[in-house]
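**Student:** Below is a structure I'd like to ask you about.
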């Protein structure tokens, strides 16, 4: 989450209106360092200074944090504005106005943006950038760190400071946190450890402060207390929780103390209010300014960069203005066409999106984002309001696969391409073994992207490999900080249980005596009668599509053609069999044989065009059953 640094002095500035101009009086410069691309209207000297600061922090963090993996799945571009006046039009909006902040970090799956001004307006202007960059670096190294640790470690490193070419300072007190801890009641440790993205201690401004302060204090204590011995046990604790072990048992096993013991230790640490700063001295000098190159940007290039920044902070109207102006100055700007294409996808204007992306491909066939977003636009085009799709046309599948294969060839470390290609395979029920490899590659690149693991679990469900699916879903249910994803994982687990129950029922029937089987075939009562407003359709069940969660689509072949019935919640669908013939056929995907069935359903509303209605019951029939039985 962004930590906002407010600057009261900015209230004294003249408010200037948003003006689309990178005027001739300004020089926009691009500086490329070893790991960052920086653009700005500040002086080249200032931009290089910012680059050196970030390179030094990145290098030091890697050395201090167990030489963590430093490469990021999404590129990092840094905007360096010469002053707050030029920065203001490109800040996120809060209550309809640009936020009064000194810097911000905007993460994204395709691009990460840092925006700041080098004006000396606050005591520690890089704190918010360091905080958010730690989140980015942590995401490359762990997929199961809880929210308190992510925020606590980011706050700890936000006070990073360079002390020469081989020395840095970390862990300096965050005085606002120390003050709040003195004046407020701290959270019980169990509460702190279980805060997630839906918790009021994370979402509500009047409660968020104590969560950040106590998370920082706990991380500070784990690093500095007992010579850091307990900090080294953190990964053991994370792994135990992810495996499904109870929270307190995991804590006791990892740290050799219970919640009460740690609360006492942390309470004493906070009462002493002594937060020592750690001086780290390295054997080799830090890398600050290696491999820097600079170039002047054209006005069109500057406008294109600014438009994409506005797109990523969700200021869509302003983004369109800047991107259109960039194209007016340079119609051959592939980057501007890509950004406008993405903007059109967000607005569900898919024809316009494809037009811009096709222009980008014609101008720059080596732009991997143009290939990826063209496939992405095609994949979203047929989705309903709930982002559900049951099938793609064959020609659409062919084009999406071609674009994604090219995107992977051009940018093999961009995980979104692998993910989207696997999702297409899941929808089409094709190349599922390939999809497993694609998703494992994506997870290796970006282990924090839990949605990759979630789709991998669905691929295993489609293959009826429920053991592998459960192995993936259980950690998502137990420890993922996103409550929505936890709920989705739980729904898929419920779906697995339902499918396994169906299969168990059919195996029981299969083992009954032949006389009982004959009795079922000749003396079967119809146990489902349609309620008011419901209808029935007889046909042959051919597919059970399980796109996400516990929703499903039943594909039924009838004498009048193929009919589709949606299931919003599999747990509420009645499933009844009067035959032993179905055996182990029931699973997600194409059934091995067509199954004679009667579907009881509620007719579809206008919003569900393409479906006959919502299925409420499925009755499987013996082969020789007729209406007269």
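**Student:** Where does helix 44-64 land angle-wise versus the long Cα axis of the chain, in degrees 0 to 90, nearest 10?
**Tutor:** Helix 44-64 and the main axis of the chain meet at about 60 degrees.
**Student:** In Å, what Kirkwood hydrodynamic radius results for segment 299-411 from the alpha-carbon pair distances?
**Tutor:** 14.3
**Student:** Let me test this: with uniform point scatterers at the alpha carbons of the chain, what is the Debye-based log₁₀ I(q)/I(0) at q = 0.07, 0.09, 0.12 1/Å?
**Tutor:** -0.56, -0.87, -1.30
**Student:** Using every pair of alpha-carbon atoms in segment 30-141, split the distances into 5 Å bins beginning at 0 and state the percent of pairs per bin, rounded to integers.
**Tutor:** Using 5 Å bins, I get a P(r) of 2, 11, 22, 25, 20, 12, 6, 1, 0 for segment 30-141.
**Student:** Extending each Cα 7 Å along its Cβ direction at residue 227 and residue 167, get the distance between those two points in nm, one decimal.
**Tutor:** My value for the distance between the label points is 2.3 nm.
**Student:** Could you give the nm distance between label points at residue 273 and residue 351, where each point is 7 Å from its Cα heading toward the beta carbon?
**Tutor:** 6.8
**Student:** As a test of the formula, what do you get for the chain when each DSSP H run with n ≥ 4 contributes -39,500 (n - 2.57) and the sum is divided by the residue count, at 222 nm and rounded to the nearest 500 deg cm²/dmol?
**Tutor:** Using -39500 (n - 2.57) per qualifying helix, the result is -15000 deg cm²/dmol.
**Student:** Please report how far the C-alpha centroid of segment 295-345 lies from that of segment 158-188, rounded to the nearest whole angstrom.
**Tutor:** Taking the Cα centre of each part, segment 295-345 and segment 158-188 sit 39 Å apart.
**Student:** Give the peptides 456-466, 398-408 in descending order of average Cβ contacts within 10 Å, highest first.
**Tutor:** 456-466, 398-408
**Student:** Sort the following peptides by mean Cβ neighbour count (other Cβ atoms within 10 Å, averaged over residues), highest first: 111-117, 328-334, 297-303, 530-536.
**Tutor:** 111-117, 297-303, 328-334, 530-536
**Student:** Right, something else. Over the chain, what is the mean sequence separation of C-alpha contacts under 8 Å (at least six apart), divided by residue count, expressed as relative contact order in percent?
**Tutor:** Dividing the mean separation by the residue count of the chain yields 10 percent.
**Student:** Please find the FRET efficiency linking residue 467 to residue 531, where r is the Cβ-Cβ separation and R0 is fixed at 45 Å, and quote it to the nearest 0.05. Can you show the working numbers first?
**Tutor:** On the way: r = 38 Å, r/R0 = 0.85.
Step by step, r from the Cβ atoms, then E = 0.75.
**Student:** Let me ask another. Suppose we look only past 23 Å in the calculated P(r) of segment 150-229. What percent of the Cα-Cα pairs does that tail hold?
**Tutor:** Within segment 150-229, distances greater than 23 Å cover 24 percent of Cα pairs.
**Student:** If you line up the Cα atoms of segment 167-274 on their principal axes, what length do they span on each, largest first, in Å?
**Tutor:** 37, 36, 28
**Student:** Which angle from 0 to 90°, rounded to the nearest 10, does the C-alpha axis of helix 483-510 make with the longest principal axis of the chain?
**Tutor:** Once rounded, the angle reads 20 degrees.
**Student:** Okay, next question. By how many nm would the segment from residue 316 to residue 257 lengthen if fully extended, with 0.36 nm per residue of separation less the alpha-carbon distance?
**Tutor:** Full extension from residue 316 to residue 257 adds 16.2 nm.
**Student:** Right, here's the next one. In whole Å, what is the distance between the alpha-carbon centres of segment 224-239 and segment 453-489?
**Tutor:** Answer, in whole Å: 28.
**Student:** Any chance you could give the angle, 0 to 90 degrees and rounded to 10, that helix 299-312 forms with the longest Cα principal axis of the chain?
**Tutor:** Helix 299-312 sits at roughly 60 degrees to that axis.
**Student:** Roughly how compact is segment 388-495, stated as its Cα Rg over 2.2 N^0.38 Å to two decimals?
**Tutor:** 1.07
**Student:** Efficiency by 1/(1 + (r/R0)^6): what FRET value for residue 185 and residue 409, r their Cβ-Cβ distance, R0 = 60 Å, to the nearest 0.05?
**Tutor:** It comes to 0.60.
Quick note: the coordinates plus some simple rules give every number you see, no bench work behind them. Just so we're clear, the structure is a prediction, and the values are computed from it rather than from any experiment. Please note: Cβ atoms are built from the backbone with ideal geometry, for glycine as well, and neighbour counts cover all protein chains shown.
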